[in-house]
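The values are calculated or read from the model by the stated rules, or taken from the named source; none is laboratory data. Computed from a predicted model, the values in this text were never measured in an experiment. So basically every Cβ, Gly included, is an ideal-geometry build from the backbone, and we count neighbours across all protein chains shown. Each accessible area value is taken on the protein alone, full model and side chains, heavy atoms only, with ligands, DNA and RNA left out. Shrake-Rupley method; radii C 1.70, N 1.55, O 1.52, S 1.80 Å.
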Amino acid sequence: MNHAPVTLPRLTALARQAAPKLLEGVVAPLVVFYTAMVVLGFKWALVATVSWVYAGVGWRLVRRVKVPATMYLAAFAVTVRALVAFWTGTWLWFFIQPECGTICISIVFLASVRLNRPLVQKLTLDYIHLPSAVLKHERVRRFFARITLLWAFVLLANSTLSIALAVYEWLGGSLGAFMILRTSAVAVISGAAICFSLYAFKRLLNRLHVAHA
């Protein structure tokens, strides 16, 4: 196998790249929603959260920075979520809706393995170049299939747990408790899966380099 060694960026570099997007797209909307709800009430919290997402899109448009397609999808999704939550008058549906979508995504992950087109491989190639000779290797194909299965179950576990916590706290707890518990649980599960995936990928590449040195 004649190709240059393929290496992954350091975890610290990946974290620096991901942190701003994580803060803007995940952490900040939750903080805006909860703060606005405590100060202004539930309906104004919905308005504030939607405004935050649209402000992110507008800021990029004004600066003539390319707006990722995912941001448009996020803006559309948060609008639908807010409308449904506004209509029902409860925060429960605002947080359950995306979890239902995540469950659907986990099913797509499972189906992609069945179709021999593991989605994790496609997502990986969006960020890391792998030579075609590497992608055709049987070990690599098995790796991406197994990691796709792993993430299908991670997404399913996160969504199921989030829905259970949301219903439990809605019935007898509080929004604040739900947000803390849900965020902590998802961070632990997803963080462990990310670390394992990166470790397994580096281990696979090292084995391929040794085998074909």
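Would you check if there is a residue in segment 182-193 being over 19 Å from the mean Cα position of the chain (by Cα), touching a residue at least 40 places away in the same chain (Cβ under 8 Å), within 30 Å of residue 36 (Cβ to Cβ) and assigned to a helix (DSSP H, G or I)?
no
What about residue 110, is it free of Cβ contacts under 8 Å to residues at least 60 places away in the same chain, within 24 Å of residue 164 (Cβ to Cβ) and in a helix (DSSP H, G or I)?
Yes, satisfied.
Among 45, 55, 82, 74, which is the only one that is under 30 Å from residue 169 (Cα atoms) and either open to solvent by 30 Å² or more (accessible area, probe 1.4 Å) or under 18 Å from the mean Cα position of the chain (by Cα) (or both)?
Only one candidate qualifies: 74.
Filter segment 28-79 for residues that are small (Gly, Ala, Ser) and assigned to a helix (DSSP H, G or I) and give the result.
Across segment 28-79, the qualifying residues are 28, 36, 45, 48, 51, 55, 56, 58, 69, 74, 75, 77.
Residue 196 versus (1) under 19 Å from the mean Cα position of the chain (by Cα); (2) loosely packed, with under 14 Cβ neighbours inside 10 Å; (3) closer than 28 Å to residue 45 by Cβ: which is the lone unmet condition?
(3)
Just a yes or no: is a residue in segment 111-130 touching a Ser or Thr at 6+ places or on another chain (Cβ under 6 Å) and acidic (Asp, Glu)?
No, every residue in segment 111-130 fails to be touching a Ser or Thr at 6+ places or on another chain (Cβ under 6 Å) and acidic (Asp, Glu).
Which residue out of 60, 64, 139 is open to solvent by less than 70 Å² (accessible area, probe 1.4 Å), basic (Lys, Arg) and either out of contact with any strand residue (DSSP E or B) (no Cβ under 9 Å at 6 or more places or on another chain) or at pLDDT below 90 (or both)?
Just one listed residue meets the conditions, 60.
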